[in-house]
1. What number in nm² do you get for the stretch 1-76 if you take the convex hull of its Cα atoms and divide its surface by four?
2. Take peptides 28-38, 13-23, 52-62, 69-79 and line them up by average Cβ neighbours within 10 Å, highest first, as a rough protection proxy.
3. Can you work out the Karplus-derived ³J(HN,Hα) for every residue in the stretch 86-94? Use 6.51 cos²θ - 1.76 cosθ + 1.60 with θ = phi - 60°, whole Hz, and x for glycine or proline.
4. Using modelled backbone amide H atoms (1.01 Å from N, in-plane), which distant-in-sequence or interchain residues come within less than 5 Å of VAL42's amide H?
5. Can you tell me how much longer the chain between GLU30 and LYS4 gets when fully stretched, taken as 0.36 nm per residue apart minus their C-alpha distance, in nm with one decimal?
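Every read-out reported here was derived from the displayed coordinates using simple, explicitly stated rules and does not represent laboratory data. Remember, predicted model here, so these are calculated numbers, not experimental data. Positions of Cβ are generated from backbone atoms using ideal geometry, with glycine treated the same way; all protein chains shown enter the neighbour counts.
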Amino acid sequence: MEFKTKMREWQALLENYAAGGTPFQSWLPEDIQDVAWDIVLVNGPAGFSSNFPGRMETIFTAHQIAANQPGAEICIHDTDCTVENIYSAFFFGRENLSPKSTNYATTAWAQVPTNMLFDKT
């Protein structure tokens with residue numbers, strides 16, 4: 001897979017999206033996007049350097065997959081990292097995140113509430 005983002009762009013990408021822009025590309029085939037997934041795991045790509053892609057696109061894609069899937073659970077690894085934390089809260093709502101700590105990192109589970117429908121754009 002080829003990701004178009006870099007960690008150093010995280011803030012500008014999020015601001016662009018919040019203003020109605022489309023900074024993220026949907027890189028999953030439609031037949032994958034259209035499946036009613038119960039659980040989605042976000043555990044990459046790497047984001048420990050400003051030149052790495054980071055997880056901005058994958059958190060956004062998890063948001064797209066969860067759109068209109070009440071009850072879906074999204075597992076986002078490394079939410080103790082700033083960008084993962086901010087993007088998870090933005091796309092899923094901090095009130096829907098349930099952090100779980102391990103010896104290595106914090107993983108947040110986002111439960112998509114039955115009364116929340118996401119905008120797929």
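1. That works out to 5.2 nm².
2. 52-62, 69-79, 13-23, 28-38
3. Karplus values, whole Hz, x for Gly and Pro: 5, 5, 4, 5, 5, 7, 10, x, 4.
4. CYS75, ILE76, HIS77
5. Extending this stretch completely gives an extra 7.5 nm.
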